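Right, one structure below, let's go through it.
The values are calculated or read from the model by the stated rules, or taken from the named source; none is laboratory data. In this text the structure is predicted, and so the values were computed from the model without any measurement. We place every Cβ from the backbone using ideal geometry, glycine too, and count neighbours over all the protein chains shown. Just so you know, the surface numbers come from the protein's heavy atoms only, side chains and all, with ligands and any DNA or RNA stripped out. Shrake-Rupley method; radii C 1.70, N 1.55, O 1.52, S 1.80 Å.
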Amino acid sequence: MMEKIRATAQQYLHQILAPVVHLLARSRLSPNQVSIAGFILALVAMVVLLAGYPFAAGVIFLLGSSFDILDGALARLEKKNTPFGALLDSTLDRISEGAILMAIAYHLALEGQAAAVAVVVLAQLGGMLTSYIRARAEVLGITCTIGWVSRPERVIIIGTGLSFDLLMEAAYLLAVLSLWTAGQRFFHVSTALHRHNP
């Protein structure tokens, strides 16, 4: 069910962003340059949050994360999908998410929210496990895109939490849903492996 909702949302989003993708194609920017631009914006969002401006950080983070959709769409349009591009994109995504979560943890620590800081660490662990299990599954020849929250949903939760100054609430929600998704994917892959290797 979640996969269908995600696929439908992505389809509409790609339609909305299509003019921007064509504009980028005419600008001669490469997909990798778009990925790097989004990464830089994520780092800017981190710095802005560390300076104490969560709303501005949320807007910048969401803007930078939208580049994650644009780079893939641009690569498909120009037929420039490459293994290096995929590696670069995934690596920058992980660093971007880790950087903004680190800034959120720091912000919460300044407010004396020790428990929430620990929860942010759990959220980061959940996000890493979600991506790691999918990567391991694909190496084993198993498709693994199931689960409640993948990167787009995590980005929305983080961006919304920043924009509305609900960092503690976002941290708890992200931790629970990310760890649950990691569990869903682990169960899915282990079931598939047992099915093929009883």
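Before moving on, here are some points about what is shown:
- Among the residues of the range 124-150, just one is among the β-branched types (Val, Ile, Thr), under 18 Å from Ser96 (Cβ atoms) and without any contact (Cβ under 8 Å) to a residue 40 or more places away in the chain, namely Val149.
- Filter pass, Ala105 being at pLDDT 95 or above and either out of contact with any Gly (no Cβ under 6 Å at 6 or more places or on another chain) or not basic (Lys, Arg) (or both): yes
- Evaluated against (1) open to solvent by 60 Å² or more (accessible area, probe 1.4 Å); (2) within 17 Å of the chain's Cα centre (by Cα); (3) at pLDDT below 95, Asp89 falls short on exactly one condition, (1).
- Checked against the criterion of being among the aromatic types (Phe, Trp, Tyr) and either surrounded by 14 or more Cβ atoms within 10 Å (Cβ to Cβ) or modelled with pLDDT of 90 or more (or both), the range 10-26 has no qualifying residue.
- Matching residues, the range 60-86, being open to solvent by 20 Å² or more (accessible area, probe 1.4 Å), over 28 Å from Thr160 (Cβ atoms) and of a type outside the set (D, E, K, R): Leu77, Asn81, Thr82, Pro83, Phe84
- If you check Ala115, Ala182, Ala137 for being over 22 Å from Ala86 (Cα atoms) and of a type in the set (Gly, Ala, Ser), only one passes: Ala115.
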